[in-house]
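The values are calculated or read from the model by the stated rules, or taken from the named source; none is laboratory data. Just so you know, these numbers come straight off a predicted model, no measurement behind them. We place every Cβ from the backbone using ideal geometry, glycine too, and count neighbours over all the protein chains shown. Side chains are part of the model used for accessible areas, which takes the heavy atoms of the whole protein and leaves out ligands, DNA and RNA. Shrake-Rupley method; radii C 1.70, N 1.55, O 1.52, S 1.80 Å.
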Amino acid sequence: MTKEISNNKSTSESSSPLGKLDGASVVIINYGAGNIKSIQFAFKRLGVDAVLSNNIDEIKAADKVIFPGVGEASSAMKMLQESGLDTLIPTLKQPVLGICLGMQLMCNSSEEGNTKGLGIFNVDVKKFSKDVKVPQMGWNVIADLKSDLFSGIKDKEFMYLVHSFYAEKCAEMIATTDYEIEYASALQKDNFYGVQFHPEKSGIIGSKILENFLKL
């Protein structure tokens, strides 16, 4: 049975009120999956004090939402279900950016833990074969860039990745990366965006992507 978060009790964490860049308030969904402080610090470098929260009303009210994730897919999905966020996230109307596992959970399914995803992106997540080192850990290029998310960014810039599973190529991909096979390293559908790489750990180019997202 899904456990819902009270709409009256905030569970956010921030040292000051919602930060703004060009008038945009930012909430990072805090559901217990991985270290999200590095994402908060990345926004801080852009002059934005992003709030960490799992409060439904606070997430709904934000101008921009970050959906992060590090860890195992089925465990992360269980945490979303326990907090009611699995039903909230697909209904959000503002720009939403899924990062790493967050992006994968926005897909139809994942081979990791035989996990049913949120079904936002019409693509499945598969595991890399044993022919390559898993996880892919380190720097790799993103290519075939589309969308305003990559405004001002050249093709084949290096981004930092850590993952054992990947989203297959699909109609909604806005960037590709090659590691044994070519896969979708970024996705977009309507107001939903997803990146497999970690922009918060990818230097100046990663910061530019976060800044582009804030300006969408």
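Report the one residue of Ser202, Ile181, Ile142 whose Cα lies farthest in the direction of the positive end of the charge dipole of segment 107-216 (charges on C-beta: Lys and Arg +1, Asp and Glu -1; origin at the Cα centre). Towards the positive end, the residue furthest out is Ser202.
Couplings 3J(HN,Hα) for segment 136-150, derived from phi with the Karplus relation 6.51 cos²θ - 1.76 cosθ + 1.60 (θ = phi - 60°), are 5, 9, x, 9, 8, 8, 10, 9, 6, 6, 9, 5, 5, 4, 10 Hz, where x marks Gly and Pro. Over 26 Å between C-alpha atoms is what I'm after, so list which of Lys44/Lys133; Lys60/Lys116; Lys44/Lys93; Lys133/Lys156 land there. In this structure, Lys44/Lys133 lie more than 26 Å apart at Cα.
Expressed as a rounded percentage, what relative contact order does the chain have, with Cα pairs under 8 Å and six or more residues apart?
18
Ordered by 1.4 Å accessible area with all protein chains kept, Lys189, Lys78, Lys64 run largest first as Lys78, Lys189, Lys64. Restricting the trypsin sites (Lys or Arg not before Pro) of segment 94-139 to loop positions (DSSP other than H, G, I, E, B) with no more than 15 neighbouring Cβ atoms within 10 Å leaves Lys130, Lys133.
Nonpolar atom fraction for segment 147-216, defined as the carbon and sulfur part of the 1.4 Å probe accessible area, stands at 48 percent. Surface listing: Met106, Met79, Met173 arranged by accessible area from highest to lowest gives Met79, Met173, Met106, probe 1.4 Å. Out of (i) 120; (ii) 131; (iii) 105, which label holds the value of volume of the Cα convex hull per residue in Å³ that was computed here? Derived directly from the coordinates: (iii). DSSP finds beta bridges in the chain, and of those with both partners inside it, around 65 percent are antiparallel. If only the Cβ of Lys and Arg carry +1 and only the Cβ of Asp and Glu carry -1, the dipole of the chain around its Cα centre is close to 320 debye.
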